[in-house]
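*Asks:* First the structure, which I've put down as structure tokens, then a few questions once you've had a look.
The values are calculated or read from the model by the stated rules, or taken from the named source; none is laboratory data. Nothing here was measured: the structure is a model prediction, and the numbers come from that model. Note that each Cβ is placed from the backbone with ideal geometry, even for glycine, and that neighbours are counted across all protein chains shown.
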Amino acid sequence: MLYPRQTELLALLRDAVRRGGAAPNGSELARRMGLANVSAVYAHLRKLEAAGFVALTSGGRGVPLQIELTESGERHGRARPWPRLGKIPAGPITDVAAQADDFVATLPDLVPAMRPGDYLLVVDGESMTGAGLLPGMTLVMRPDVTPTDRDVCSVYVEGEGNTLKHVVEDGSYVVLVARNPEYPDQRVPKSMACVQGVVVAALAVQTFR
């Protein structure tokens, strides 16, 4: 997750590289960002480096810090970041970006728990409404993990297809537990059930206009 100044700095670097030039040095970046102290720029650069968006190389005493935009930094900049406000400010919003707590440009910005290898799944059915998972929601799923009884899992049942359920082991069987009284539990042989992922997060989007 990037804060406003870091997003601004990354945009400056990206624009310079896209125009075919080298990344500006720290002093030039400070001037463009209206910062009196170049050390503030370096602090933001270190944050971008930790996030994998830039690579920094120190040339030693008297040699400016070399700044290189990474592939992740370039890819991050392809999406227009949306300002996210933690609170609605009083009065008119004249500059949303200036009042933003941070910016959202990618899905991991919105769902920090996401990891490489996760995938998205749209809920189709009402078996887990008691867990707050409603039809049409988009779920962030994580494959290749051992589920606990509390996890909501995407399970492929041989001969029936996919379903969302809690998975409880029972000897050579598994019990697929719904969170809706209209859906009875299912007890199936382990050999017929394959957990394809566990729910990490749920996104609900409702359009009003």
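*Asks:* Filter the range 152-168 down to the residues that are charged (D, E, K, R) and crowded, with 17+ Cβ neighbours inside 10 Å and list them by number. Lay out the reasoning, then the answer.
*Replies:* As a first pass, look at the range 152-168 and keep what is charged (D, E, K, R): 158, 160, 165.
The answer is 165, and nothing else.
Let's see how each residue does on (1) touching a strand residue (DSSP E or B) at 6+ places or on another chain (Cβ under 7 Å); (2) closer than 23 Å to residue 132 by Cα; (3) not acidic (Asp, Glu):
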| position | (1), (2), (3) |
| --- | --- |
| 181 | no, yes, yes |
| 184 | no, yes, yes |
| 188 | yes, no, yes |
| 192 | yes, no, yes |
| 198 | yes, yes, yes |
| 204 | no, yes, yes |
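*Asks:* Consider residue 179 carefully, then state whether it is loosely packed, with under 13 Cβ neighbours inside 10 Å and basic (Lys, Arg).
*Replies:* It is false that residue 179 is loosely packed, with under 13 Cβ neighbours inside 10 Å and basic (Lys, Arg).
Residue by residue, here is whether (1) more than 26 Å from the chain's Cα centre (by Cα); (2) modelled with pLDDT under 95; (3) assigned by TED's automatic domain parsing to the domain that holds residue 51; (4) within 30 Å of residue 3 (Cβ to Cβ) holds:
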site: 84; (1), (2), (3), (4): no, yes, yes, yes
site: 97; (1), (2), (3), (4): no, yes, yes, yes
site: 104; (1), (2), (3), (4): no, yes, yes, yes
site: 124; (1), (2), (3), (4): no, yes, no, no
site: 130; (1), (2), (3), (4): no, no, no, no
site: 134; (1), (2), (3), (4): no, no, no, no
site: 194; (1), (2), (3), (4): yes, no, no, no
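This table checks each residue for (1) modelled with pLDDT under 80; (2) in a helix (DSSP H, G or I); (3) surrounded by fewer than 16 Cβ atoms within 10 Å (Cβ to Cβ).
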| site | (1), (2), (3) |
| --- | --- |
| 5 | no, yes, yes |
| 8 | no, yes, no |
| 21 | yes, no, yes |
| 48 | no, yes, no |
| 56 | no, no, yes |
| 61 | yes, no, yes |
| 78 | yes, no, yes |
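*Asks:* While we're on this one: Criterion first (more than 19 Å from residue 101 (Cα to Cα) and without any contact (Cβ under 8 Å) to a residue 12 or more places away in the chain) does residue 14 satisfy it? Write out each step before concluding.
*Replies:* On the way: more than 19 Å from residue 101 (Cα to Cα): yes; without any contact (Cβ under 8 Å) to a residue 12 or more places away in the chain: no.
When the stated conditions are applied, residue 14 does not pass them.
*Asks:* Name the residue, out of 171, 161, that is more than 18 Å from residue 124 (Cα to Cα), out of contact with any strand residue (DSSP E or B) (no Cβ under 7 Å at 6 or more places or on another chain) and in the same structural domain as residue 130 (by TED's automatic domain parsing). First the steps, then the outcome.
*Replies:* Working: 161 fails: more than 18 Å from residue 124 (Cα to Cα).
Only one candidate passes the filter, namely 171.
*Asks:* Are any of the residues in the range 183-193 in contact (Cβ under 8 Å) with a residue 40 or more places away in the chain and farther than 30 Å from residue 108 by Cα?
*Replies:* Of the range 183-193, the ones in contact (Cβ under 8 Å) with a residue 40 or more places away in the chain are 183.
Pick out the ones that are also farther than 30 Å from residue 108 by Cα and you get 183.
For the range 183-193, residues in contact (Cβ under 8 Å) with a residue 40 or more places away in the chain and farther than 30 Å from residue 108 by Cα: present.
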